[in-house]
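The next block holds one structure in the form of structure tokens; read it before the comments.
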Amino acid sequence: MKKAEKYFYPAVFSFEQGEEISVVFPDLDCATSGANEEDALLSARELLGIVMNGLEEDGEPIPAPTPLSEIPTAGNQRTVLVDVYMPSVRLAQANRSVSRTVTLPAWLNAMGLEHNFNFSQLLQDALKRELHLSN
């Protein structure tokens, strides 16, 4: 099945005096917040990308977005249609770094430090070479 290039979901922005703007995605049961409208929208977009990427990777069903006109709101709330461009989210997740713990003999670690080796880069290069991957 082809993955969607973009997703559009309604989010409810709640405004309280002296507090961050809270953002809830009713269809996805997740929330975030932001210091101002721009920050809240950027946080919402980032969260939407993370949630949708997780659903895709786990093979979970993608819920249909509720139409904006059907989202109930209170007087201090506004419904906003948030979009996310998934190719950039998927690429960022594919290239994210993960932390691994490795064990080395103390003498080898000392020699590597003495020669200012970047252990992470060295391990990456060795793994690529062993796996016959090109840079």
Solvent-accessible area of Phe8, probe 1.4 Å, all protein chains present, reported in Å² to the nearest ten, please. 100 Å²
Around Glu16, under 14 Å between beta carbons, what's the net of Lys plus Arg minus Asp minus Glu among the other residues? -2
Run the numbers on the chain and let me know its relative contact order in percent, using alpha-carbon pairs under 8 Å that are six or more apart. 26 percent
Taking only protein heavy atoms into account and a 1.4 Å probe, give the accessible area per residue of segment 51-135 in Å². 80 Å²
Using just the Cα positions, wrap segment 23-70 in a convex hull and report its mean projected area in square nanometres, one decimal place. 3.5 nm²
Which value in Å is the Kirkwood Rh of segment 39-135 over different Cα pairs? 18.1 Å
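The values are calculated or read from the model by the stated rules, or taken from the named source; none is laboratory data. Treat the numbers as computed from the prediction; the structure is a model and nothing was measured. In this analysis, Cβ positions are derived from the backbone assuming ideal geometry, glycine residues included, and neighbour counts consider all displayed protein chains. Surface areas here come from the heavy atoms of the whole protein model, side chains and all, with no ligands, DNA or RNA. Shrake-Rupley method; radii C 1.70, N 1.55, O 1.52, S 1.80 Å.
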